[in-house]
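Trainee: Okay, handing you the structure first.
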Amino acid sequence: MSDEQLPTRSCDRAYALEDLHVRSDGSGRVVEAYAAAFNVRSEIYDQDGHYNETLPTTSFDRTIQHKGVNFGVLFNHARTVDGEPNPMATMPIGVPLEVRSDERGVFTATRYLDNPLADQVLDAVKNGAIKAQSFSGRFVKSTRTHPEGRGQGRLPLITRHEIDMREYGPAVFAAYKEAAILGTRAEQFVRTLLETPPDQRLDWLQQFEGLTTPLMDPEVPVIGTPSDGPAEVVEDSPELARHSARPSLRSRIRAARITRGME
């Protein structure tokens, strides 16, 4: 195999959330989440071509050592879902309390601010409408490894050895599935719902009052962060990483609305 050094490039990546909780510290405004996932081989299309990408456990060490918790916290990289600049989203929505690397990825604990945008995003996070966490910055040091005996389906591997993270925050769509909002406590109703097999959730929900009011479930385009291209997770079982809204999202939102007395 041969290694090729790549130039410094701007970057952004988003990761789908597998769980959803807010830290139970009494405030209800501290969100724990991973902004990046380590040692996950994912298929990417962007300015470096078509390749598999992985982030080593040391890739964020330098930026965290130099910046501590001095990172911006923005919603969706201050962009619309189409990738256009969104002036309304340039206002920071949170203050980092903790940013560190562990064996899984870059762990963040963020206290959401008391402003209208932060309130809207936090409400969407709590209700399961937002299920992705992202970061942006620069790929400072990267190498491309070309596999021997190149052929169809044998993509090069780009290892991002050093990443200069500028900001992180919740995102609308995800490229990777491994990063997750963590926390410590959620409503028992929602927890039970999420543990119910997908094909049984609607039947389970229909046992409760208030589910006859239809909730709009708009069609969402399959789109991700602009520079990612149609990324795909290739470990275990191939799965498109540019997710549209999941079929059970309406059920989850309805359940959360019931627990909040909104239906």
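The values are calculated or read from the model by the stated rules, or taken from the named source; none is laboratory data. Here the structure is a predicted model, which means the values were calculated and not measured. Reconstructed Cβ throughout: ideal geometry from the backbone, glycine too, with neighbour counts over all protein chains shown.
Trainee: Looking only at region 97-153, count every residue that is over 30 Å from Gly49 (Cα atoms) and acidic (Asp, Glu) and tell me the total.
Mentor: Residues meeting the conditions: 4.
Trainee: Next question. Restricted to region 76-92, and to residues that are touching a strand residue (DSSP E or B) at 6+ places or on another chain (Cβ under 8 Å) and free of Cβ contacts under 8 Å to residues at least 12 places away in the same chain, which residue is surrounded by the most Cβ atoms within 10 Å (Cβ to Cβ)?
Mentor: Asn86
Trainee: Does Ile64 qualify as being crowded, with 22+ Cβ neighbours inside 10 Å and among the β-branched types (Val, Ile, Thr)?
Mentor: Spelling it out, it is not the case that Ile64 is crowded, with 22+ Cβ neighbours inside 10 Å and among the β-branched types (Val, Ile, Thr).
Trainee: Ok, one more. When the residues of region 131-148 are filtered to those that are buried (at least 22 other Cβ atoms within 10 Å of the Cβ) and of a type outside the set (Gly, Ala, Ser), which remaining residue is farthest from Pro87 (Cα to Cα)?
Mentor: Looking at residues that are buried (at least 22 other Cβ atoms within 10 Å of the Cβ) and of a type outside the set (Gly, Ala, Ser), I get Phe139.
Trainee: With respect to the numbered conditions (1) modelled with pLDDT under 90; (2) crowded, with 18+ Cβ neighbours inside 10 Å; (3) under 26 Å from His50 (Cβ atoms), which one is the sole condition not fulfilled by Met165?
Mentor: Answer for Met165: the failing condition is (1).
Trainee: Which of the residues spanning region 38-67 are within 20 Å of His146 (Cβ to Cβ) and of a type in the set (Ser, Thr, Tyr)?
Mentor: Scanning region 38-67 gives Ser42, Tyr45, Tyr51, Thr54.
Trainee: Based on this model, can you work out whether Glu43 counts as within 24 Å of Asn127 (Cβ to Cβ) and in a strand (DSSP E or B)?
Mentor: no
Trainee: If you check every pair at least six apart or on different chains, which have Cβ atoms under 7 Å apart with a residue in region 46-68 that is closer than 15 Å to Asp12 by Cα first and a residue that is acidic (Asp, Glu) and assigned to a loop (DSSP other than H, G, I, E, B) second?
Mentor: Asp46/Asp228
Trainee: Could you please find all residues in region 93-109 being surrounded by 18 or more Cβ atoms within 10 Å (Cβ to Cβ) and at pLDDT below 95?
Mentor: Listed by number, the residues that qualify are Gly105, Val106, Thr108, Ala109.
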